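**Q** One structure, as structure tokens, below. Some questions next.
The values are calculated or read from the model by the stated rules, or taken from the named source; none is laboratory data. Nothing here was measured: the structure is a model prediction, and the numbers come from that model. Here the Cβ is made from the backbone with ideal geometry for all residues, glycine too, and neighbour counts use every protein chain on show. Just so you know, the surface numbers come from the protein's heavy atoms only, side chains and all, with ligands and any DNA or RNA stripped out. Shrake-Rupley method; radii C 1.70, N 1.55, O 1.52, S 1.80 Å.
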Amino acid sequence: MNIPLLPLCLLLCLGLAGCGHQAETSDSRPNIMVILADDMGFSDLGLYGGEIPTPVLDSLGQNGIIFSRFYNAARCCPTRASLLTGLYPHRAGLGKMVSSVHDTPEPGPYQGFLTDSSATLAEVLGASGYNCYMSGKWHVGEKPEHWPMKRGFDNYFGLISGASSYYELITAQDRFRQMAMGDSSWFPPDRDFYMTDAFTDHAVRFVEEAPEDQPFFLYLAYTAPHWPMHAPEEEIAKYREQFSVGWDGIRRARAKRLQSSPLFPEGFTLSPKTDGLPAWEDVPEEEQQQWIDLMATYAAMVNIMDKGIGEVMNALQVKGADENTLVIFLSDNGACAENIDNRNLHHVDATVGARGSYVAYDEPWANVSSTPFRYYKQKTYEGGAATPFIAYWPKRIQPGQLSHQVGHVIDLMPTLADIGGATYPRDPSVKRLDGMSLASYLQGSPATQERRLAWEHFGNRAMLDGKWKLVANKEKSWELYDMEKDRTELNDLAKVETDVRVRLENAYEKWVRDGYRFE
């Protein structure tokens, strides 16, 4: 199916210290690049209904394949753990959040760093001859013994920790943050530093320096558009007028574009605005400009990331590697509705977007980014766990494709190992994969919806089985939805389809008892 342009677009062994390359000089396997956005909502890209200019990503999607139903683990650390290992987050050691560099946690599903019994994409692909690079946010282990180059990467630049200022590294009090270059700590310069651009620059350098006779794997993990809202003023200014219509008008416009797109073949009913959120017209005029500044900054952050991806794609083209490079893009969770005022890191005299400011765009705008879904990051409803998914590979993927195949971030390991001709470790001490290869679906195979997936994060939980999705927030009763007819999760069938609900409840409980895995 052709994708119409939406308005305003686009291990052979484990335990190696490095990648252990043994490739032949005529290796024709594709380069692989996985790009991960941070806290970006389902409808923020132009190709997914958004008004923010994302021409590079829109073009990749139009000239490749996009998925309508792809899932992450609903939170940053768990998704990154699953992406790297092909395991559910708990089995990779990150069922909750990353441990502090000062913690000595007990081994297990909540230990806060990758388990030794998991294999990473860098270890698996590296053992088969790939050069492995990473630029960006790690966030799956704070201690140096858990850093990227201890888990198979040949070179690394980025933020070891989670959210940070885009202009500086805040290391005071309990907001300790770490950056690294290679295996050594690194600190940004006092001036002329912007985190997104730094990640782009190092990704470009890795592409340029990759040997010509071996394929490479590049994991580019941006922090954009995660709070704090930071962007240069000249970039923010481009979007103020656009968002002056307010969150209600923007959300309705996104929903209208999505309703006329093929992403929702059965259509959808737009979820109601979250209770307690004010109508834009009821916001005092003197406050409206502050809200406009927040969303304009968010838009600038997304657009800067898109431009950076364009720079990396240009480096591939200059190298003559663009035709045989598989590029995958997704987000680590849904939109973030967090208010971070209590962190006390915002300087009262700083303007939004500038160094010294430290604010989030908050729930009213997160509700827009989640369009047409309910809820946000951390929750296992569609608004928290559904992500845009783009795959581009000119040599193998025909342009203009749309897939309704259900996919999950746990599928990236088996998919990329399959495409890269790598062998996942058969050692019984290495946990078996939870995901499945999507290689054939990337190249146009018809979707098969019989998929079983599960989520758990801080008590928020879900179970997907075919068309049925069982879902609940922490300490709340289960709800049941028919995802073929009700993707926005508005018509709870838990008291109607009781047999289905009980069957899925039992399956979910067994998944937990069995160590967060399906037999």
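**Q** Out of the residues in region 256-297 meeting the condition of being open to solvent by 20 Å² or more (accessible area, probe 1.4 Å) and of a type in the set (Val, Ile, Thr), tell me which one is nearest to residue 227 (Cα to Cα).
**A** Once the filter is applied, the top-ranked residue is 274.
**Q** From 306, 341, 322, which residue is open to solvent by 30 Å² or more (accessible area, probe 1.4 Å) and within 18 Å of residue 218 (Cβ to Cβ)?
**A** Values: 306 fails: open to solvent by 30 Å² or more (accessible area, probe 1.4 Å); 341 fails: within 18 Å of residue 218 (Cβ to Cβ).
Only one candidate qualifies: 322.
**Q** Keeping to region 61-105, report how many residues are open to solvent by 10 Å² or more (accessible area, probe 1.4 Å) and out of contact with any helix residue (DSSP H, G or I) (no Cβ under 6 Å at 6 or more places or on another chain).
**A** Of the residues in region 61-105, 13 are open to solvent by 10 Å² or more (accessible area, probe 1.4 Å) and out of contact with any helix residue (DSSP H, G or I) (no Cβ under 6 Å at 6 or more places or on another chain).
**Q** Separate question: Quick test for you: out of 170, 160, pick the one residue that is hydrophobic (A, V, I, L, M, F, W, C) and under 15 Å from residue 358 (Cα atoms).
**A** Unique residue meeting the criteria: 170.
**Q** When both residues are 6+ apart or on different chains and their Cβ atoms are under 6 Å apart, which pairs have a first residue that lies in region 51-65 and is of a type in the set (Asp, Glu), and a second that is buried (at least 24 other Cβ atoms within 10 Å of the Cβ) and assigned to a helix (DSSP H, G or I)?
**A** The qualifying pairs are 58/46; 58/47.
Yes/no matrix, rows are residues, columns are (1) buried (at least 24 other Cβ atoms within 10 Å of the Cβ); (2) modelled with pLDDT of 95 or more:
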position: 119; (1), (2): yes, yes
position: 136; (1), (2): yes, yes
position: 150; (1), (2): no, yes
position: 212; (1), (2): no, no
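**Q** Could I ask something else about it? Return the only residue of 182, 129, 162, 141 being in contact with a helix residue (DSSP H, G or I) (Cβ under 7 Å, 6 or more places away or on another chain) and under 29 Å from residue 423 (Cβ atoms).
**A** Step by step, each of 182, 129, 162, 141 is checked, and only 182 is in contact with a helix residue (DSSP H, G or I) (Cβ under 7 Å, 6 or more places away or on another chain) and under 29 Å from residue 423 (Cβ atoms).
**Q** What is the number of the single condition among (1) closer than 28 Å to residue 119 by Cα; (2) part of a loop (DSSP other than H, G, I, E, B); (3) of a type outside the set (Lys, Arg); (4) open to solvent by 10 Å² or more (accessible area, probe 1.4 Å) that residue 441 does not meet?
**A** Every listed condition holds for residue 441 apart from (2).
Quick grid of which residues meet (1) charged (D, E, K, R); (2) surrounded by fewer than 17 Cβ atoms within 10 Å (Cβ to Cβ):
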{"site": "452", "(1), (2)": "yes, yes"}
{"site": "465", "(1), (2)": "yes, no"}
{"site": "474", "(1), (2)": "yes, yes"}
{"site": "500", "(1), (2)": "no, no"}
{"site": "504", "(1), (2)": "no, no"}
{"site": "510", "(1), (2)": "yes, yes"}
{"site": "514", "(1), (2)": "yes, yes"}
{"site": "518", "(1), (2)": "no, yes"}
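**Q** Go through (1) under 24 Å from residue 271 (Cβ atoms); (2) open to solvent by 70 Å² or more (accessible area, probe 1.4 Å); (3) touching a Gly at 6+ places or on another chain (Cβ under 9 Å); (4) not hydroxyl-bearing (Ser, Thr, Tyr) one by one and return the number of the condition residue 491 breaks.
**A** (3)
**Q** Let me ask you something else. State yes or no: is residue 278 more than 26 Å from residue 148 (Cα to Cα) and in a loop (DSSP other than H, G, I, E, B)?
**A** On the way: more than 26 Å from residue 148 (Cα to Cα): yes; in a loop (DSSP other than H, G, I, E, B): yes.
Yes, satisfied.
**Q** Looking at (1) farther than 21 Å from residue 177 by Cα; (2) of a type outside the set (Lys, Arg); (3) part of a loop (DSSP other than H, G, I, E, B); (4) open to solvent by 10 Å² or more (accessible area, probe 1.4 Å), which one does residue 123 not meet, given that it meets all the others?
**A** For residue 123, the failing item is (3).
**Q** Now for a separate question. Restricting the search to region 187-210, which residues are open to solvent by 60 Å² or more (accessible area, probe 1.4 Å) and not in a helix (DSSP H, G or I)?
**A** 187, 189, 190, 191, 192
**Q** Answer yes or no: is there a residue in region 333-354 that is closer than 23 Å to residue 243 by Cα, in contact with a helix residue (DSSP H, G or I) (Cβ under 7 Å, 6 or more places away or on another chain) and charged (D, E, K, R).
**A** no
**Q** Let me ask something additional. Please specify each residue of region 162-186 satisfying the condition of being at pLDDT 90 or above and either among the small types (Gly, Ala, Ser) or not in a loop (DSSP other than H, G, I, E, B) (or both).
**A** Passing the criteria: 162, 164, 165, 179, 180, 181, 182, 184, 185.
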